Structure formats: structure tokens, C-alpha cells
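A short worksheet on the structure shown next.
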Amino acid sequence: MANVMDELRARGFVKQTVFEEELYEKLGKESVPFYIGFDPTADSLHVGHFMQLIAMHHMQQAGHKPIILIGGGTAMVGDPSGRTDMRSMMTKETIRHNVECFKKQMSRFVSFEGENAAVIVDNGDWLLDLNYIDFLREIGTHFSVNRMLTAECFKQRLERGLSFLEFNYMLMQAYDFLVLYRKFGCQLELGGDDQWSNILAGANLIRVKEQKPAYAMTFTLLTTSDGRKMGKTAKGAVWLDENKTTPYEFYQYWRNIDDGDVEKCMKLLTFLPVAEIEELCAFKDERINKAKETLAYELTREVHGEEKANLAQNQAKAAFGGGDAELLTKEVEGVQTVVDAMAAAGIAKSKGEARRLIEQGGVSVNETKVTDVNMPVPAAEFVLHKGKKVHVKIIVK
């Protein structure tokens, strides 16, 4: 069995571990059940979850069993990590809907069939019916408040006020690890480095309660070279759901990242061999654009499939030059609606034909399908797509 930690290290995933040599040996000789937690705070995963999905894929391919923990219980409390304010609490119905959305997106990265089939569990199944006194007696006695207050996830909240509700989060996440150890033999928790204190608490709890080995590993956070979290745009988060972030917008996000972030993102987020990535990123001049295109295409293909990745790539090349699709730039005057613009630019022979094309679903503006024949022009400059071959940059005078 190949040791997956070698692959994760080579790609720059590993940030912190506990009992590292022991864990490395175990990962190299046996199948290790592991878990990653996801709080269902939206109806789609976003770029911030991307690394966990890729890491889960690497682990499963190396023979280890993924346990996907959906925080149906903890989402009703809220994780204070990385927050300066308290999260709003969610209803059970909202959480259930979000979980179903997650499952569909995760199936692109992990297999739910076969020997090491991934399983999805909801911590609401054991947290929501806990007896508070029993929980305090079994779990709470093993936690030092003094030590908890030194954890980074709590320190940054103390100035603004940390509710007792949130203070319980670390205990609940640690308890999750203990439950998964008892149910599935789970020995390892993975997550972003902002979760280090919570993950370590769970590994320590298992070692105290069960007198058995348990491990923690965190990953580098996906940030830009100047330290900002990746996955944010002027419109908000970059989502994996194409109804929230279109394949074209998703492609463009990665195509336009800073040159200095390309190699890191390729190693962390694609499945291309490390040697191939280093070769692609060897040049720091304009040739880095080839690597950016490869990155954008590979990630769009991973999330949305080959057909939509090809379409996004062709549309980007058509809109910005360099493609073999038809590229036009048209200046139009005095237009108020997309229909007006199509007729004025000669994309449709008449306004009537433009309306028919829209009604047939054949027109998009900046990769958003036009469904309203009265849609106003969105900006002074935009890209209008008719079908798969006509892409016109419209400039409104």
C-alpha cells in the first residue's frame, strides 16, 4: 500500500499532525478509517471545502475509508472558529435540505461503493438527544477550561464575548470523534488548520476514554500569497453549485488568480502529477498563463464535468481572444434591453428573432442564461453568447 502521507506532503497539504511517525507507519500498512466534518450552513459546498474533498479522494484512493460527518447537531450551535460574531442558528428542515445537496456534490470526489466505500453520518443522530448531566459526567470532566481558553478558536472571541453555547462546541466535536471511533473504528480526524484545537481535543479524548491510539492531521488553509482566504469574489463565495456560481464564472475565477498562487493551487486542488505541475509552473513570465488555463480547466472539469468545462473554456477564449470560436466586438448605441442589443449588434435579424432565441433558451449574458425577454442590459460592457459558437463582446455607448 502506498503511503498517502507522502502524496499529501508532496502536494503541500499537511500543516500539523500529532504522533506523526506512528500515524505515518499506520497509514502505510493498514486501512485507516478517517473522518472530515462539514457543517451544513448552506445548500452548497464552496471553494473553502474544496481541499477537504480532494484530500478525502487521495485518502480513499490509497485504501482508507472516508467517514463524512455532517454537523446536523453542531450546526444548531455554531462553530466559533474563525468568527468574530455568533452564527445564526438553523432549523432541522434547512439542515436536512442542505445535507442532500452536499451528498450530490461529494459524489464527484469520493465513492460510496466498494471495499472502502464512503459513509455519511449526521452528528444530530447522537447529539440532539443527549442527556446533559450524563454528557457532563462522561465528557466534560476530561476538559480543562483553562486549557480551552488558550485555544485560538476561543481567544479571538473573548474580547467580543463568547457564549456558553459556543463554548460547548469543542466538547461536542471531540465527542463526535469518540462516537465515530466506537461505531466505525475511526482513528483519524482531518480538517483545516483553523480546526486544530477541536481535532486535537477529540484525539486526546479517545486516548483518555478508550486507552487506544487516535490521530489528528490538519491541512494548510487555502489562502492567497498575501494571506487572504481564497474563494471570495465581489459577488461573494465561489460555490460548487452551478446555480450559484456558473461553470464559466468558476473557470474565470481560477483563470484569474495571481501568478504566485498557481503552483500551490494545482498541487492542492488537481490530480495532475506533481512533476507535471512543476514543469507547467517553471516559467514565471507570460507562459504561466498556460498553467492558469490548465488549472481552471481541471478544476471546472472536477466539479462540473468535461462537457461544461470545455464549454467554459471555449467561451472564455472567445470572449478574451485566443479561441477558435467566433469572436466579435460590437459597439451599440441607445439600447435598453438585451433584445435591443442583439438586434443592434446584428446577432439577431430582428427584435422578434431575438425574443424567440431567448424563449428557446439559446442566449446567455456573461454565462447567465437569459430567461426574460425584457431583461435590461447588465452593464456598459458585457459578453453575449448565442448558442455555443457565437460570443460577442457588447459595448454600450
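The values are calculated or read from the model by the stated rules, or taken from the named source; none is laboratory data. Note that the structure is a prediction, hence the values are computed from the model and not measured. Every residue, glycine as well, gets a Cβ built from its backbone with ideal geometry; the counts of neighbours run over all protein chains shown.
In this entry, E367 is excluded by the filter for residues that are touching a helix residue (DSSP H, G or I) at 6+ places or on another chain (Cβ under 8 Å), at pLDDT below 90 and surrounded by fewer than 15 Cβ atoms within 10 Å (Cβ to Cβ). One residue stands out in the stretch 371-397 among those that are of a type in the set (A, V, I, L, M) and at pLDDT 85 or above: the one that is farthest from the chain's Cα centre (by Cα), namely V396.
Output the residue which, of all residues in the stretch 205-218 that are without any contact (Cβ under 8 Å) to a residue 60 or more places away in the chain and either closer than 19 Å to A55 by Cα or buried (at least 17 other Cβ atoms within 10 Å of the Cβ) (or both), is farthest from the chain's Cα centre (by Cα). Ranking the qualifying residues of the stretch 205-218, first place goes to I206.
Only residues that are touching a helix residue (DSSP H, G or I) at 6+ places or on another chain (Cβ under 9 Å), within 21 Å of L200 (Cα to Cα), at pLDDT below 90 and not in a helix (DSSP H, G or I) were counted across the stretch 123-150, and they come to 3. From the list F184, F154, the lone residue that is more than 22 Å from the chain's Cα centre (by Cα), surrounded by fewer than 20 Cβ atoms within 10 Å (Cβ to Cβ) and modelled with pLDDT under 85 is F154. Contact annotation: residue pairs with Cβ atoms under 6 Å, 6 or more positions apart or on different chains, pairing a residue in the stretch 53-67 that is closer than 15 Å to K267 by Cβ with a partner that is among the charged types (D, E, K, R) and outside any loop (DSSP other than H, G, I, E, B), are H58/E7. Taking (1) surrounded by fewer than 20 Cβ atoms within 10 Å (Cβ to Cβ); (2) in contact with a Gly (Cβ under 9 Å, 6 or more places away or on another chain) in turn, M5 satisfies each apart from (1).
Within the stretch 329-360, the set of residues being more than 13 Å from G387 (Cα to Cα), β-branched (V, I, T) and buried (at least 16 other Cβ atoms within 10 Å of the Cβ) comprises V332, V335, T337, V338, V339. Taking the conditions (1) closer than 30 Å to M51 by Cβ; (2) crowded, with 18+ Cβ neighbours inside 10 Å; (3) out of contact with any strand residue (DSSP E or B) (no Cβ under 9 Å at 6 or more places or on another chain) in turn, N310 satisfies each one other than (2). Filter the stretch 227-242 down to the residues that are in contact (Cβ under 8 Å) with a residue 24 or more places away in the chain and either of a type in the set (D, E) or in a loop (DSSP other than H, G, I, E, B) (or both) and list them by number. Across the stretch 227-242, the qualifying residues are M230, G231, V238, L240, D241, E242. Please specify each residue of the stretch 10-26 satisfying the condition of being closer than 16 Å to H57 by Cβ and either without any contact (Cβ under 8 Å) to a residue 40 or more places away in the chain or of a type in the set (K, R) (or both). Correct list: R11 only. Only one of the listed residues (F271, F283, F250) is of a type in the set (F, W, Y) and at pLDDT below 90. That residue is F283.
Let's see how each residue does on (1) aliphatic (A, V, I, L, M); (2) over 25 Å from K229 (Cα atoms):
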residue	(1), (2)
R255	no, no
A275	yes, yes
T294	no, no
E307	no, yes
N310	no, yes
N314	no, yes
E331	no, yes
